[in-house]
1. What number of residues within region 53-85 are in contact (Cβ under 8 Å) with a residue 24 or more places away in the chain, in a helix (DSSP H, G or I) and crowded, with 16+ Cβ neighbours inside 10 Å?
2. List the number of the failed condition for residue 23; all other conditions in (1) closer than 20 Å to residue 93 by Cα; (2) in contact with a Ser or Thr (Cβ under 9 Å, 6 or more places away or on another chain); (3) at pLDDT 95 or above hold.
3. All but one of (1) polar (S, T, N, Q); (2) touching a His at 6+ places or on another chain (Cβ under 9 Å); (3) under 17 Å from residue 19 (Cα atoms) hold for residue 96, so report the exception by its number.
4. Identify the single condition in (1) at pLDDT 95 or above; (2) under 13 Å from the mean Cα position of the chain (by Cα) that residue 67 does not satisfy, given that it satisfies every other one.
5. Pull out all pairs, ordered by first then second residue, where Cβ-Cβ is under 9 Å, the residues are six or more apart or on different chains, the first lies in region 1-30 and is under 11 Å from residue 80 (Cβ atoms) and of a type in the set (Val, Ile, Thr), and the second is assigned to a loop (DSSP other than H, G, I, E, B) and modelled with pLDDT of 65 or more.
6. Pairs only if they're at least six apart or on different chains, beta carbon under 8 angstrom, first in region 101-115 and farther than 29 Å from residue 15 by Cα, second at pLDDT below 90; list them, first residue then second.
7. In region 22-44, how many are part of a loop (DSSP other than H, G, I, E, B) and surrounded by 15 or more Cβ atoms within 10 Å (Cβ to Cβ)?
Amino acid sequence: MSTGRPDVLHGTLALMILRTLDSLGSLHGYGIARRIEQISGDQLQLNQGTLYPALLKLEQMGWITSKWGASENNRRARYYTISRAGRKQLKAEAENWSRTSAIIGRFAKSSEDLV
């Protein structure tokens, strides 16, 4: 069933995670998900099946690191931090997304504007 919320476009979740960690520093997965939802104006909803595979992939790529720690409510949680390589990738991803969204924006205009 659809909740009326848009799906996260392929490749954009990595950008959102990297930007969140770059802006806020070390966070656990739940904190990352809530921040992304908050920034989206609650238009996006991330579940564990979406977020944690993305975090694992980013860690395997060397773009983030993780370590275990205690959460605000004293529960064991894995905290993620952006790496130097992640900051470099974030810059490249942001530039690529800007170019891509500009191109898509041109097609989203009416056909009269394209002439």
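1. Matching residues across region 53-85 total 3.
2. Answer for residue 23: the failing condition is (2).
3. Exception for residue 96: condition (2).
4. (2)
5. Sorted first by the residue in region 1-30, then by its partner, the pairs are 17/63.
6. Once the first residue is farther than 29 Å from residue 15 by Cα and sits in region 101-115, its partners that are at pLDDT below 90 give 114/106; 114/107.
7. Step one: of region 22-44, the residues part of a loop (DSSP other than H, G, I, E, B) are 25-26, 40-44.
Subset that is surrounded by 15 or more Cβ atoms within 10 Å (Cβ to Cβ): 26, 40, 44.
Within region 22-44, residues that are part of a loop (DSSP other than H, G, I, E, B) and surrounded by 15 or more Cβ atoms within 10 Å (Cβ to Cβ) number 3.
The values are calculated or read from the model by the stated rules, or taken from the named source; none is laboratory data. Since the model is a prediction, treat every value here as computed from it, not as a measurement. No Cβ is skipped: glycine too gets one built from the backbone with ideal geometry, and neighbour counts run over all protein chains shown.
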